[in-house]
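Student: My questions all concern the structure below.
The values are calculated or read from the model by the stated rules, or taken from the named source; none is laboratory data. It should be emphasised that the depicted structure is a prediction, and the values quoted were computed from it without experimental measurement. Cβ placement follows ideal geometry from the backbone for every residue including glycine, while neighbour counts extend to all protein chains displayed. All accessible areas refer to the heavy atoms of the entire protein, side chains included, with ligands and DNA or RNA removed. Shrake-Rupley method; radii C 1.70, N 1.55, O 1.52, S 1.80 Å.
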Number of protein chains: 2
Amino acid sequence: MDRKTATIQDVARVAGVSTATVSRTLSKPSVVAKSTREAVLDAVAETGYRVNATASNLRRQRTGTVIVLLPNLANPFFSQILAGLASVLTPAQFGMLIADTQSGPDPEERLRHYLTSGQADGLILLDGTLSPEALAIPGRPPVVLACEWLGQDLPSVRVENEKGAALAVGHLARLGHRRIGHVTGPRGNVLTETRLEGFRSALGNLGLPLREDWVVEGDFSMDSGAAAGRAWLTMQDRPTALFLSSDEMAVGFLGEVQRAGVLVPEDVSIVGFDNIEIAQHLSPGLTTIRQPRTQIGVRAAELLLAMIETGSLTGPSELIEVEFIRRGSAARPPHEV
Amino acid sequence: MDRKTATIQDVARVAGVSTATVSRTLSKPSVVAKSTREAVLDAVAETGYRVNATASNLRRQRTGTVIVLLPNLANPFFSQILAGLASVLTPAQFGMLIADTQSGPDPEERLRHYLTSGQADGLILLDGTLSPEALAIPGRPPVVLACEWLGQDLPSVRVENEKGAALAVGHLARLGHRRIGHVTGPRGNVLTETRLEGFRSALGNLGLPLREDWVVEGDFSMDSGAAAGRAWLTMQDRPTALFLSSDEMAVGFLGEVQRAGVLVPEDVSIVGFDNIEIAQHLSPGLTTIRQPRTQIGVRAAELLLAMIETGSLTGPSELIEVEFIRRGSAARPPHEV
DNA sequence: ACAAAGAATGTAATCGTTTACAAGAGCGAA
DNA sequence: TTCGCTCTTGTAAACGATTACATTCTTTGT
C-alpha cells in the first residue's frame, strides 16, 4: 500500500472532499469548516501524506531554494555562518544550495549564472571580491550580502570592521607599541580595504607612524599568514606588533615565527580578527576581534526571507557589533635597546 | 520582452518545432537531426532559455536534491568533504541540502524525517553515531555513509582507520616510546571504536602495555582535547606519547599543555588523525594521519549518484587509503630517569 | 416569503517539462 | 508496386499541487 507516497488525491478520496479542500486545509485552515478540517487531517494522518514540494513549487512559481555563494567552501570561517543561515531557512521550508566562487574559472560568471538560472528564490553572497556590476541583472532574485558589501544601497549584514581594527590598534598602542604593522586580506576585497582603512586612521588618531613596508598583503588563509611570518622574519627593521586581518592568517603567522624560535608575545605581539574556535586553543591564546558569525547568518537569512516574501529587491542593512577579546598573544613590546 | 524567462514553448515556436523536439535536443541530442538540432540551439540562444528545474523534476519524479547530514556544520573537518561532494553533485544538476543532526533535540528523529520526507533523491550521512535501525524505513531513498558506517551491507566510503591507528602507534614505538596513551572520540561512534581497536591491537602486536588509565575519552572537539591535556597534566604516572583520534583534539591538547609550560615534543609526543589544514601551521607541526577528505566526498557522491541512477538501495563500499604525515610533534621520549 | 449576502466546497485550468506512442518520410528489397 | 525497415518529428498525457471562479447551501433583513 505504501508503495508510492500518497498524493493529495488520495487524501481527498479518503476524506471524501476535493483536492482543493485538502490544499486549503493545509495552507489556510481558517477557511474550511471545523468538521471538514478534522476529516482532512485524519485522512492526512492515515495516508501518511506529505506535500510534494516540487509540485507545490512549480505551481507557486518558486523554487524553495536559496543559493549561498561563498569564496571557498573549505574555509572554516564560513561554517558557522552557514549554521546560522540554516537555522532560519530550514524552518521556513527553504533549502540551501551552497556553491563556491573560487572552484571555477570565472567567479563573476558563476554569480551571473546563479542569478539568471532561476534556480533559487534568493541569494546570499559571502564574497565581497565580486564587483557590483555583476548584480546589475534585470529580473534577478533578491540578494543579501553577508560580511561584505558592494554598493551602498544593497541590503547587507556586516560587522563594524573599522571599529574592530581600531580596537586592535588601540589595544596594542595601550600596551606601549609604537611600531605596528598589518597583514591585509586580498586587495580588492571590501573587508580588506575597510580594515586597512580602520588600521590607518587608528594609527593616525593615535599619532603613530604608518610604515607602508609594514603592511603586508595576504589573502586571509593560513598559508598567507605563514608567508607574512617569513616576511616579518626577514625584515631588518621590524614592527613590534601586528594586526592581522583574519585569525587564520594569525595562526599561520604564529606557527611560522614560533618555529623560527621567536617568542610570542615576548618578541612580537599579534592581534587577529574573527575569533575562530582555535583562537583560544593556541599557545599563547590569540587576542582577537570577535565577529558573531552565527548571528550574521541568522540576520542575513531573515533579511532575505523578508525580501522574498514581499518580492522586494531592496531592504535594510544591518550592522553587527564586534567585541575585543583579550588573550595572551599581545603584551608589552620588548624592552627598547 | 525578457520579462519572464523563456519557456520551452517559446523556444519551440522560435525554432519552428514541437516542444518534444526541443526537450530531446537538450537531453538526447543524438536522436534529432543535425539541422533541427542547430535550429533549436539557435533558438535557445536567442531566447535565453534555461530549463525550469522544478518542472523537469516534477515530471521526472525526482527532486534534484541530495541531503547531506552531518553531526555539526560548524566543524571544519567536514567542509572539505562538502567541497568534494559539491564538485560531483553540482555538475550532475543536484543541489545539496545540508543539515546537521546535533542542532535539534533528537538526531535519529531528524534522520527519519529526512528519509520519509521525500525531499531528496538520496542522502549522504556523515554521522556514525546514529543507530542502524534508523535506516530501516520502507521506501527510503538510497543512502551512502561517508567516513562512518553502520551496518556491513550499507554502501559506504571509509578510510583505513585501524591502519591509521597502527601507523601512529608504530611511529611512536619506533621512536622509542613504550608508554603510549590514547584520546578517543565519543563512545559509540564507529570511528572512535575502530581507531581504539586499532590502537589496542597495535600495542599488542608491538608488545607494549595497554594502560586503561591512559585512554581518555574525548569527543573529537578542541575543547575535549584541551580537557584531555588537563587530565594528562594531573596524571602522576604519565604516558610519554599520545595518539589522539582527531587533529582537532590534538590542537586543543597541544595548546593546553604548552600553556602549562610543557614542551612538545621534548616532554610529550603527540600524533593526531585527519591532517586538517592547521596541522602544518602549528608549532611544532602536528604529526598525523592524513585522510583525503575531498576524495571521500567525491567518491561518496559518485556512489550515491550511481544508486540514484539505477534506483538501487545497495552498492559497493569503498576503502580509502590513509597516509602517515611526519612533522615535529612526535620525537624520542624524554631521557629515562 | 424572497432577495441578498456570506460561508463552504467543488471544478478545472495552470505551472513547464518529459516521454510513450503515433505518424510521416525515405529507402531498399522482393 | 508494396512491404517493412529506420530515422525524425509531433501529439498529448502525465507529474502533483494551487487557486480563480463557479456553485451550493445557510442565514438574515425586510
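Student: Taking the stated definitions as given, is residue A:45 open to solvent by 60 Å² or more (accessible area, probe 1.4 Å), assigned to a helix (DSSP H, G or I) and away from DNA strand C (no atom under 15 Å from the Cβ)?
Tutor: In short, yes.
Student: Tell me the residue from A:154, A:172, A:191 that is within 15 Å of residue A:242 (Cβ to Cβ), among the hydrophobic types (A, V, I, L, M, F, W, C) and out of contact with any Lys or Arg (no Cβ under 8 Å at 6 or more places or on another chain), please.
Tutor: A:172
Student: Could you tell me which numbered condition residue B:27 fails, if it satisfies all but one of (1) polar (S, T, N, Q); (2) within 37 Å of the chain's Cα centre (by Cα); (3) near DNA strand C (Cβ under 10 Å from one of its atoms); (4) crowded, with 19+ Cβ neighbours inside 10 Å?
Tutor: Checking residue B:27 against (1) polar (S, T, N, Q); (2) within 37 Å of the chain's Cα centre (by Cα); (3) near DNA strand C (Cβ under 10 Å from one of its atoms); (4) crowded, with 19+ Cβ neighbours inside 10 Å, the one that fails is (4).
Student: Quick one: residue A:6 ticks every box in (1) open to solvent by less than 40 Å² (accessible area, probe 1.4 Å); (2) under 30 Å from residue A:110 (Cα atoms); (3) assigned to a loop (DSSP other than H, G, I, E, B) bar one, so which box is it?
Tutor: Answer for residue A:6: the failing condition is (2).
Condition check ((1) on the phi > 0 side of the Ramachandran plot; (2) touching a Phe, Trp or Tyr at 6+ places or on another chain (Cβ under 8 Å); (3) assigned by TED's automatic domain parsing to the domain that holds residue A:187) across all residues:
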site	(1), (2), (3)
A:70	no, yes, no
A:81	no, no, no
A:94	no, no, no
A:118	yes, no, no
A:126	no, yes, no
A:130	no, no, no
A:134	no, no, no
A:137	no, no, no
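Student: For the range B:225-246, does any single residue satisfy the condition of being of a type in the set (Val, Ile, Thr) and either within 13 Å of chain A (Cβ to nearest Cβ) or at positive phi (or both)?
Tutor: The answer is no; no qualifying residue exists.
Student: Among the residues of the range A:223-282, how many are open to solvent by 10 Å² or more (accessible area, probe 1.4 Å), of a type in the set (A, V, I, L, M), touching a strand residue (DSSP E or B) at 6+ places or on another chain (Cβ under 9 Å) and in a helix (DSSP H, G or I)?
Tutor: 2
Student: Among what's in the range A:308-337 and is acidic (Asp, Glu) and in contact with a strand residue (DSSP E or B) (Cβ under 8 Å, 6 or more places away or on another chain), pick the residue that is farthest from residue A:298 (Cα to Cα).
Tutor: A:323
Student: Could you say which residue among B:120, B:99 is in contact with a Ser or Thr (Cβ under 6 Å, 6 or more places away or on another chain) and within 10 Å of another protein chain (Cβ to nearest Cβ)?
Tutor: B:120
Student: Here's another thing I want to ask about it. Only one residue in B:13, B:50 is open to solvent by 50 Å² or more (accessible area, probe 1.4 Å), at pLDDT 90 or above, out of contact with any His (no Cβ under 6 Å at 6 or more places or on another chain) and not in a helix (DSSP H, G or I). Which one?
Tutor: None of the other options fit; the residue is B:50.
Student: When residues of the range B:158-188 are filtered for being in a loop (DSSP other than H, G, I, E, B) and open to solvent by 10 Å² or more (accessible area, probe 1.4 Å), how many remain?
Tutor: Residues flagged as in a loop (DSSP other than H, G, I, E, B) and open to solvent by 10 Å² or more (accessible area, probe 1.4 Å) within the range B:158-188 amount to 8.
Student: For the range B:102-117, what are the residues that are facing chain A (nearest Cβ under 10 Å) and at pLDDT 80 or above?
Tutor: Hits for the range B:102-117: nothing passes.
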